[in-house]
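Dumping the structure here so I can ask a few things about it.
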Amino acid sequence: MHSKPIGVFDSGIGGLSVLNALKEMLPNEDILYVADQAYTPYGKKTKQAITTRAIAITNWLVSQDCKLVVIACNTATTNAITQLRAYFSVPFVGIEPAIKPAALGSQTGVIGVLATAGTLTSTLFQTTSQDYTQGLEVISQVGLGLVGLVEQGKANSKATEKQLRDILSPMLEKPIDHLVLGCTHYSFLTQTLKKILPKNITILDCSSPVAKQTDRLLELNNLNNTNGGNISYYSTAIPNIEVWKSFGVNQISKLEI
Ligand code: DGL
């Protein structure tokens, strides 16, 4: 039995999609969730700027005695996980676009990836993509403006539907059969995406595999808690409580880091 909490962070609300999977798989774990809303979006920031924020947040999570850190953000994982692992001894679980299952499952040989500019230009993403998509066509699009729409609580709005239709149109001219959601904010767009995408396109996100990997690492290191289940939420900006409430979070503290 290990009563220390798990730390989870993202640039904002997007990581709640990962948190939901963690809560389902690990209901007895205490979790500290940090939304770096003073610095959102990460997607357009430099690798250096993203790494600086990821280190600052991890420092705080470690100071709160976290036993493991889940990076619930593709942009932070693909830009900063190597440095984080070099600086901190705590185990990390990251999230990356689900290129491999999309490539393995594709019948048409064409897959779509929707992610931030920061993820798509990262060396980690490009290496994974090269490793698993030999002989396939990968159509990548930056989800321009989508993180902001989710942060404003507009995931299911007409504005978001229009923005998604514009972003996806080059992809939909090709016979993609998988759409990889390479940003944790985009998981909250699934309902709107289902309105737009032909039924034969499989939408892939990585929340459940991340929760499974977290479970595996806890087991492996004998770190499981059997007695917790408390989730505490923190934002580095003054949070818009109405938006957080629409995601099921009623209490959130301001964090100065
Ligand atoms: N939710 C994040 C991701 O998975 C970050 C998006 C952003 O802040 O641009 O990439």
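Any residue in segment 117-139 that's on the phi < 0 side of the Ramachandran plot: show its pairings with residues that are of a type in the set (Phe, Trp, Tyr) at Cβ separation under 9 Å, as long as the two are six or more apart or on different chains.
Filtered contacts from segment 117-139: Gly118/Tyr42; Thr119/Phe125.
For segment 107-145, how many residues are within 16 Å of the ligand (Cβ to nearest atom) and within 19 Å of Thr77 (Cα to Cα)?
Within segment 107-145, residues that are within 16 Å of the ligand (Cβ to nearest atom) and within 19 Å of Thr77 (Cα to Cα) number 20.
Now a separate question. Might you let me know whether segment 105-112 holds any residue that is closer than 30 Å to Lys174 by Cα, surrounded by 18 or more Cβ atoms within 10 Å (Cβ to Cβ), in contact (Cβ under 8 Å) with a residue 60 or more places away in the chain and out of contact with any helix residue (DSSP H, G or I) (no Cβ under 6 Å at 6 or more places or on another chain)?
Our first condition is that a residue be closer than 30 Å to Lys174 by Cα; within segment 105-112, this holds for 105-112.
Checking the rest, the ones that are also surrounded by 18 or more Cβ atoms within 10 Å (Cβ to Cβ) come to 106, 111-112.
Remaining after also requiring in contact (Cβ under 8 Å) with a residue 60 or more places away in the chain: 106, 111-112.
Next, only the ones that are out of contact with any helix residue (DSSP H, G or I) (no Cβ under 6 Å at 6 or more places or on another chain) stay: 106.
Taking every residue of segment 105-112 in turn, at least one turns out to be closer than 30 Å to Lys174 by Cα, surrounded by 18 or more Cβ atoms within 10 Å (Cβ to Cβ), in contact (Cβ under 8 Å) with a residue 60 or more places away in the chain and out of contact with any helix residue (DSSP H, G or I) (no Cβ under 6 Å at 6 or more places or on another chain).
Looking only at segment 167-204, which residues are polar (S, T, N, Q) and not in a helix (DSSP H, G or I)?
Of everything in segment 167-204, those that are polar (S, T, N, Q) and not in a helix (DSSP H, G or I) turn out to be Asn200, Thr202.
Also, quick follow-up: Report whether or not Ile81 is at pLDDT 95 or above, over 15 Å from the mean Cα position of the chain (by Cα) and within 16 Å of the ligand (Cβ to nearest atom).
no
Can you tell me which residue among Thr58, Thr127 is assigned to a helix (DSSP H, G or I), in contact with a Phe, Trp or Tyr (Cβ under 9 Å, 6 or more places away or on another chain) and among the β-branched types (Val, Ile, Thr)?
Of the residues listed, the single one that is assigned to a helix (DSSP H, G or I), in contact with a Phe, Trp or Tyr (Cβ under 9 Å, 6 or more places away or on another chain) and among the β-branched types (Val, Ile, Thr) is Thr58.
In addition: From the list Gln37, Gln48, Gln64, exactly one residue is on the phi < 0 side of the Ramachandran plot, free of Cβ contacts under 8 Å to residues at least 60 places away in the same chain and out of contact with any Leu (no Cβ under 7 Å at 6 or more places or on another chain). Which is it?
Values: Gln37 fails: free of Cβ contacts under 8 Å to residues at least 60 places away in the same chain; Gln64 fails: out of contact with any Leu (no Cβ under 7 Å at 6 or more places or on another chain).
Exactly one residue qualifies, and that residue is Gln48.
Across segment 1-39, what is the total count of residues that are within 16 Å of the ligand (Cβ to nearest atom) and not in a strand (DSSP E or B)?
The qualifying residues number 16.
When you scan segment 211-224, do you find a residue that is buried (at least 16 other Cβ atoms within 10 Å of the Cβ), in contact with a His (Cβ under 9 Å, 6 or more places away or on another chain) and modelled with pLDDT of 95 or more, even just one?
The answer is yes, given that some residue of segment 211-224 is buried (at least 16 other Cβ atoms within 10 Å of the Cβ), in contact with a His (Cβ under 9 Å, 6 or more places away or on another chain) and modelled with pLDDT of 95 or more.
If you go through segment 217-229 one residue at a time, do you hit one that is touching a Ser or Thr at 6+ places or on another chain (Cβ under 9 Å), free of Cβ contacts under 8 Å to residues at least 60 places away in the same chain and either small (Gly, Ala, Ser) or on the phi > 0 side of the Ramachandran plot (or both)?
no
Another one. Return the residues of segment 130-155 that are part of a helix (DSSP H, G or I) and among the small types (Gly, Ala, Ser); say none if nothing qualifies. Don't jump to the end; show me each part of the working.
Of all residues in segment 130-155, those part of a helix (DSSP H, G or I) come to 130-132, 146-151.
Hit for segment 130-155 is Gly148, nothing else.
The values are calculated or read from the model by the stated rules, or taken from the named source; none is laboratory data. Just so we're clear, the structure is a prediction, and the values are computed from it rather than from any experiment. With ideal geometry, Cβ positions are generated from the backbone for all residues, glycine too; neighbour counts draw on all protein chains shown.
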